[in-house]
Amino acid sequence: TNPGFVVRITQAGLDYAHQQGIAMLEKQLAQLKLPDISGDSRVGRVGKVRYELSRLRLRDFHLPYSRITPISNVGLQVSISNAFAELDGDWRVKFFFFRDHGSFDLKVENVYTKISLRLGSDATGKPTVSTSDCSTRISKVRVLFSGKLGWLYNLFHSVIESRFRKILEDKVCDIVDKSVQNDLQTYIRTLPVTARIDAKTGIDYSLVAAPRATAQSLDADLKGEFYSLAHRSTVPFSPLPLAFPSDHDRMVYFGASSYFFNTAGIAYHEAGALVFEITEDMISKDVGFRLETSTFSAFIPQLEEMYPNMPMKFRLSTPTAPFLTIGPGGISLKPIVDAQAYVILPDSSLAPLFLLSLTANVSAVINVRSGRIVGSLDVGRIRLSLKDSAVGTFQVRTIQSLMNILTSSTLLPRLNARLDEGFPLPLPDRIQLSNILVRFHQNFLLLGADVHFQPR
């Protein structure tokens with residue numbers, strides 16, 4: 001199934017996410033708890049040295065060099081090199097009648113860790129991440145004991161360093177596993193699978209396949225489909241494939257297909273949200289006329305005879321869901337709108353006057369603000385045709401200018417006010433977008449942005 005919406009995280013975006021993850025991992029490693037160590041070290045045929053190391057305190061753990069790499073058809077690989085740590089503690093030793101104690105410092109250098117992350121999705125379409133492999137190698141451990149009996153410390157020096165190396169190598173990967181499971185997995189699951197837009201509609205952002213790594217990016221294919229909250233029906237057409245350009249200047253790109261936008265039209269149409277009423281109180285005084293029969297009777301004389309000086313009302317609706325196209329020149333649509341005119345009788349009931357069909361070329365301007373797709377419409381000259389009339393026939397061209405004024409001054413501002421509220425992009429928690437790019441391609445809109453993570 002082709003996606004209706006695609007998210008691409010470029011190498012720059014992965015690098016930024018990696019920086020945030022490494023900073024978190026570094027903090028967790030610095031809180032590493034190490035067990036007390038004790039044992040015997042045999043000294044040739046002379047005897048055994050009994051040693052105990054306790055109150056081990058990790059002072060810091062630094063990860064100065066690391067990188068993240070997307071591995072095609074596999075996932076992500078994180079490589080950490082030249083990491084180092086320092087810790088201290090207390091020691092006690094017994095060798096025949098010699099007894100001594102004191103403190104020690106331990107320096108761990110040249111820590112190398114390789115982490116492989118497996119990416120997937122669960123039954124609800126939410127992304128998943130897990131550690132498929134982790135290995136740590138420490139090439140240098142140095143223990144510095146305080147005290148005067150240097151020859152005695154050397155008897156168990158190498159044993160202590162070897163045990164520390166093994167413990168730390170295991171502990172690092174344990175921390176990595178827990179960090180991926182508890183922190184990274186929890187965070188990426190804040191990516192919304194469904195986003196409620198208003199009381200009538202929502203957007204389905206569930207994954208249609210597991211995220212896939214390429215040599216230069218990480219791509220996620222989303223369903224990208226609007227739906228009516230009251231009744232979700234099958235969309236009568238399928239999304240076309242999106243030919244993403246090889247543009248990697250931004251950290252993240254969003255590809256919103258024409259399918260994505262056209263399902264919005266279907267959802268709002270099915271939800272009954274594409275019905276608008278124009279009444280006298282909605283018309284600006286600057287328009288220069290009142291919405292009443294006396295205004296229209298200049299063009300439809302029989303109105304004055306049937307309903308003299310009575311208020312009117314228009315109900316605008318779409319007989320079918322509007323359908324738009326996206327091309328290199330932008331977004332365009334040619335909606336058909338039915339405009340039913342009524343007279344408001346003294347008892348507040350409505351009597352139908354005439355039904356017009358309105359068509360016009362409409363273009364859209366799209367932008368991104370506060371993590372939402374926002375837009376506005378620009379309508380060209382409206383063309384009218386008469387579909388039905390209860391007041392006899394008349395030349396619709398005579399009221400052309402009046403209908404142009406009504407739609408441009410009343411209907412269009414209401415539509416643009418709704419579009420200015422926008423529709424949410426699929427973003428996990430605490431992500432802010434900047435440096436926005438908007439490009440139009442065949443069958444899809446490309447949005448690019450840089451990312452800023454706002455910590456709590």
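Summary of computed values
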{"item": "Shape of the stretch 324-385, Cα gyration tensor, a/c cut at 1.5", "result": "oblate"}
{"item": "Rounded tilt (10° steps) of 258-270 against the dominant C-alpha axis of the chain", "result": "60 degrees"}
{"item": "Three-way shape call for the stretch 194-453 based on the alpha-carbon gyration tensor, with the a/c threshold at 1.5", "result": "prolate"}
{"item": "On Cα atoms only, tilt of 412-421 relative to the major axis of the chain in degrees", "result": "10 degrees"}
{"item": "Nearest 10 degrees, 0 to 90: helix 11-30 Cα axis against the chain principal axis", "result": "40 degrees"}
{"item": "Extension gain, residue 84 back to residue 123 (0.36 nm per residue minus Cα-Cα distance, nm)", "result": "10.0 nm"}
{"item": "Carbon/sulfur fraction of accessible area - the stretch 194-453, other protein chains in place, 1.4 Å, %", "result": "53 percent"}
{"item": "Assigned charges on the beta-carbon of Lys, Arg, Asp, Glu; the stretch 12-190 dipole about Cα centre (debye)", "result": "640 debye"}
{"item": "Neighbourhood net charge (13 Å Cβ-Cβ; Lys/Arg +1, Asp/Glu -1) for residue 280", "result": "0"}
{"item": "Accessible area per residue in Å² at 1.4 Å probe, computed on the stretch 12-190", "result": "54 Å²"}
{"item": "Residue pairs, from the table 126/223; 27/166; 27/178, whose Cα atoms sit over 19 Å apart", "result": "27/166"}
{"item": "Positive dipole terminus of the chain, leading residue within 176, 402, 297 (C-beta point charges)", "result": "176"}
{"item": "Percentage relative contact order, the stretch 12-190, counting C-alpha pairs under 8 Å, at least six apart", "result": "18 percent"}
{"item": "Gyration tensor verdict on the stretch 1-147 (Cα atoms; rounded if a/c is under 1.5, prolate if a/b is larger than b/c, oblate otherwise)", "result": "prolate"}
{"item": "R0 of 25 Å, Cβ-Cβ distance residue 294-residue 347: FRET efficiency to nearest 0.05", "result": "0.80"}
{"item": "Ranked packing of 102-115, 317-330, most packed first, by mean Cβ within 10 Å", "result": "102-115, 317-330"}
{"item": "The stretch 227-359: relative contact order in percent, alpha carbon pairs under 8 Å with at least 6 residues between", "result": "19 percent"}
{"item": "Cα-centred dipole magnitude for the chain, charges only on beta-carbon of K, R (+1) and D, E (-1), debye, nearest 20", "result": "2200 debye"}
{"item": "Contact order normalised by residue count of the chain, Cα under 8 Å, 6+ apart, percent", "result": "14 percent"}
{"item": "Charge dipole (the chain, unit charges on Cβ, about Cα centre) - positive-most of 226, 39, 209", "result": "39"}
{"item": "Net charge of neighbours whose Cβ lies under 12 Å from the Cβ of residue 231, counting Lys and Arg as +1 and Asp and Glu as -1", "result": "+1"}
{"item": "Net lengthening on full extension, residue 12/residue 232 (0.36 nm per residue, minus Cα-Cα)", "result": "75.4 nm"}
{"item": "Contour minus Cα-Cα distance for residue 73 and residue 28 (0.36 nm per residue)", "result": "13.2 nm"}
{"item": "Under 12 Å, Cβ to Cβ, from residue 340 - net charge with Lys/Arg +1 and Asp/Glu -1", "result": "0"}
{"item": "Pair residue 98, residue 137: separation of 7 Å Cα→Cβ label points (nm)", "result": "3.6 nm"}
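The values are calculated or read from the model by the stated rules, or taken from the named source; none is laboratory data. Quick caveat: nothing in here was measured; it's all calculated off a predicted structure. Here Cβ is always computed from backbone atoms with ideal geometry, including for glycine, and neighbour counts include all displayed protein chains. In case anyone asks, the SASA skips ligands and DNA or RNA and just uses the protein heavy atoms, side chains included. Shrake-Rupley method; radii C 1.70, N 1.55, O 1.52, S 1.80 Å.
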